[in-house]
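Colleague: Please read through the structure below; I'll follow up with questions.
All of the numbers you see were taken from the coordinates with simple rules; none came from a lab. Keep in mind that this is a model prediction, so the values were computed, not measured. Every residue, glycine among them, receives a Cβ derived from its backbone with ideal geometry; neighbour counts consider all protein chains shown.
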């Protein structure tokens, strides 16, 4: 999978959360920035456990791809409710659209033995490491 990603040195910085919306006007702000999928990754001897926040997505709209040691999570969050007669939206901050996150782990992963489970907005991936293959000694003839 050959994809290019834009490097943002301040993308995951805590300062982004602190100053989010500080200088933006309250009214007239109709653009929303794409939400990123937040992940926690834990390592054991046998593999990795990844907890990813994917709020608002349905189970069938989440796609996980494991290729070598790269993990890609993609999801689509759809707007469920429609505006009714007599209602006026004063502020809409929830993100609707595509979510995407890709990261590389230090070890090769076994795609067949890995599992994914989604419950209450949290995607849990149990990724199994492939066993390390030692080199083969060649007989010199």
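Colleague: I want to check the label-to-label distance for residue 63 and residue 104. Put each point 7 Å from Cα in the C-beta direction and report it in nm to one decimal.
Modeller: The two pseudo-label positions are separated by 2.2 nm.
Colleague: Could you calculate the FRET efficiency of residue 126 with residue 80 from 1/(1 + (r/R0)^6), where r is the beta carbon distance between them and R0 is 22 Å, rounded to 0.05?
Modeller: Working: r = 30 Å, r/R0 = 1.34.
Using R0 = 22 Å, I get an efficiency of 0.15.
Colleague: Given a Förster radius of 30 Å and the C-beta distance between residue 89 and residue 38 as r, what FRET efficiency does 1/(1 + (r/R0)^6) yield to the nearest 0.05? Write down the numbers at each step before the final one.
Modeller: On the way: r = 26 Å, r/R0 = 0.88.
For R0 = 30 Å, the calculated efficiency reads 0.70.
Colleague: Next question. Taking the Cα atoms of segment 63-141, what is the range of coordinates along each of the three principal axes, in descending order and whole Å?
Modeller: For segment 63-141, the Cα spread along each principal axis is 87, 20, 15 Å.
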